[in-house]
Amino acid sequence: MEAYTEIREAVAKLCAGFPGPYWRALDREMAYPTAFVTALTESGYLSVLIPEEYGGSGLPLSAAAAILEEVQRAGCNGGACHAQMYTMGTLLRHGSEAQKAAYLPAIAEGRLRLQAFGVTEPTSGTDTGSLKTTARREGDHYIVNGQKIWTSRAEHSDLMLLLVRTTPRTEGMKRTDGLSVLLVDMREAVGHGLTIRPIRTMMNHATTEVFFDNLRVPAVNLIGEEGKGFRYILSGMNAERILIAAECVGDAKWFIDRAKTYAVDRSVFGRPIGANQGVQFPIAKAYANMRAAELMVREALSLYESGTSPGAEANMAKMLAADAAFEAANACIQTHGGFGFAEEYDIERKFRETRLYQVAPISTNLILAYLSEHVLGLPRAY
């Protein structure tokens with residue numbers, strides 16, 4: 001698999017222009033990193049998956065993974081914009097030619113942002129088949145009613161991919177049947193049936209809850225066929241998990257680099273603290289686990305790019321990488337002692353950010369349940 005060395009070096013150079021003080025200031029105010037996202041957009045990094053005929057680079061998912069890994073490794077936060085990469089697949093694979101021609105060039109140029117992904121609901125959580133947001137066809141429009149939660153970047157996006165129920169559930173019907181995907185233009189929708197409310201969280205994540213009250217969405221904004229929406233977003237979910245796993249690998253590398261540097265530079269009792277095995281071993285173990293996770297990310301990317309559905313591998317990559325990042329974060333804080341909690345070192349900020357991926361976009365327990373049932377053949381747990 002290509003290493004994308006030149007892309008990695010260019011991303012690292014761009015990120016050097018957004019050092020710790022930039023992120024600390026945003027973190028204090030819970031502000032969106034507009035300048036950083038603009039720089040990534042103008043450099044073409046957020047449009048690498050868009051085909052060349054629509055103004056993108058036409059690169060595979062592994063290129064996007066390399067970009068996001070380097071963003072995190074540089075101490076930045078790709079969570080402000082990574083959704084544009086993994087939501088892109090639904091539009092690319094299942095959108096009509098007219099939809100792709102209408103939206104992809106503008107997204108590639110940075111005139112439009114596709115950052116919002118409306119799936120999770122307060123009552124259903126990860127049980128996507130039980131979602132309650134409905135879309136009723138009325139002439140040339142769908143009338144949408146319901147609520148989504150944890151819809152990140154909704155305040156900073158022009159477009160949203162929205163999963164809705166277009167056919168009521170009936171007895172004997174598969175839970176995931178009757179779901180459809182709509183492309184919502186939020187510029188027109190806000191104040192006309194769409195309400196966005198920010199949710200303050202322990203990290204600067206720009207997440208929200210959104211409410212739909214008789215929102216009218218043109219029927220031409222239906223992605224693919226009505227009722228087949230769940231399978232359309234499934235490949236996007238695999239891409240999401242792989243890309244976030246790559247981000248976690250980048251986080252782990254950042255923590256390990258900070259920890260080993262401090263362990264060499266910091267002297268107590270007349271010698272570097274890194275000479276003590278109690279300091280060495282947690283860092284070394286975190287490194288080993290990071291490398292193992294990195295290899296699983298590569299395996300998942302290879303299967304995804306070959307056209308195989310890497311459900312197990314994408315889930316394992318996300319779980320192992322999230323675990324590796326959190327382990328490295330703990331080792332980094334422990335190595336730094338009290339300074340690990342000081343804002344100026346950026347470790348506590350990155351610690352909070354990487355902790356998210358034990359829970360999102362899917363929790364570790366649900367990944368284990370998936371592997372138990374679909375890989376090991378154990379009875380269904382839910």
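The values are calculated or read from the model by the stated rules, or taken from the named source; none is laboratory data. Small disclaimer: the values here were computed from a predicted structure and weren't measured. So basically every Cβ, Gly included, is an ideal-geometry build from the backbone, and we count neighbours across all protein chains shown. Only protein heavy atoms, including side chains, enter the accessible area calculation; ligands, DNA and RNA are left aside. Shrake-Rupley method; radii C 1.70, N 1.55, O 1.52, S 1.80 Å.
Remark: segment 153-279 is approximated by an ellipsoid whose semi-axes, taken from the C-alpha gyration tensor as √(5λ), come to 47, 20, 12 Å, largest first. Rolling a 1.4 Å probe over the protein heavy atoms of segment 1-74, with every protein chain left in place, gives an accessible area that is 50 percent carbon and sulfur. Would you please classify the overall shape of segment 83-142 from the alpha carbon gyration tensor, given that a ≥ b ≥ c denote the square roots of the eigenvalues, rounded means a/c under 1.5, and beyond that prolate means a/b larger than b/c while oblate covers the rest? Cα axes put segment 83-142 in the oblate bin.
Put a plus charge on the Cβ of each Lys and Arg, a minus charge on the Cβ of each Asp and Glu, and nothing anywhere else: the dipole of the chain about its Cα centre is then about 760 debye. For the pair A35 and K228, the difference between a 0.36 nm per residue extended length and the Cα-Cα distance amounts to 65.7 nm.
Each of the peptides 157-165, 254-262 was scored by the mean count of other Cβ atoms within 10 Å over its residues; in descending order, highest first, they stand as 157-165, 254-262. Based on the alpha-carbon gyration tensor of segment 66-210 and its eigenvalue square roots a ≥ b ≥ c, which shape applies: rounded if a/c is under 1.5, prolate if not and a/b is larger than b/c, or oblate? In terms of gyration-tensor shape, prolate.
Note: the chain, Cα convex hull, 142 Å³ per residue. Rounded to the nearest 20 debye, the dipole magnitude of segment 214-259 is 60 debye, with +1 charges on Lys and Arg beta carbons, -1 on Asp and Glu beta carbons, and the Cα centre as origin. For segment 203-343, the square roots a ≥ b ≥ c of the C-alpha gyration tensor eigenvalues yield an a/c of 1.5 or more together with a/b not exceeding b/c, which makes the shape oblate. Would you mind checking the tilt of helix 5-15 against the longest principal axis of the Cα atoms of the chain, expressed as 0 to 90 degrees and rounded to 10? With both axes taken from Cα atoms, the answer is about 90 degrees.
Farthest toward the positive end of the dipole of the chain, out of Y32, A284, G338, is the Cα of G338, where the dipole comes from beta carbon charges about the Cα centre.
With a Förster radius of 51 Å applied to the C-beta separation of A275 and K13, the computed FRET efficiency comes to 0.90.
Applying 0.36 nm per residue to the separation of A101 and M173 and subtracting their alpha-carbon distance, the gain on full extension is 22.4 nm. Please determine, in degrees from 0 to 90 and to the nearest 10, the orientation of helix 83-94 with respect to the longest principal axis defined by the Cα atoms of the chain, where the helix direction is its Cα long axis. Once rounded, one gets 40 degrees.
Projecting the Cα atoms of F117, G75, P105 onto the charge dipole of segment 34-120 (Cβ charges, centred on the Cα centre) puts F117 farthest toward the positive pole.
Dipole magnitude for segment 184-245: computed about the Cα centre from +1 point charges on Lys and Arg Cβ and -1 point charges on Asp and Glu Cβ, it is near 180 debye.
Placing pseudo-labels 7 Å out from each Cα toward the beta carbon at E53 and Q334 gives an inter-label distance of 5.5 nm. Computed over the chain, relative contact order equals 15 percent, with contacts defined as Cα pairs under 8 Å that lie 6+ residues apart. Candidate cross-link partners of K13 among the lysines, defined by an alpha-carbon separation under 30 Å and a same-chain spacing of 8 or more, comprise K253, K260, K285, K318, K350. Relative to the longest principal Cα axis of the chain, at what angle does helix 277-305 sit, 0 to 90 degrees, rounded to 10? With rounding to tens, the tilt is 30 degrees. When the Cα positions of V210, A189, V220 are compared along the charge dipole of segment 167-243, V210 comes out farthest toward the positive end, with charges on each C-beta of Lys, Arg, Asp and Glu. In a GNM of the chain with a 10 Å cut-off on Cα contacts, which of G229, G89, G193 has the highest mean-square fluctuation? Its mean-square fluctuation being the largest, the pick is G193.
Segment 62-108 and segment 188-216 have Cα centres separated by 21 Å. Using a probe of 1.4 Å on the protein chains alone, the accessible area found for S96 is around 50 Å².
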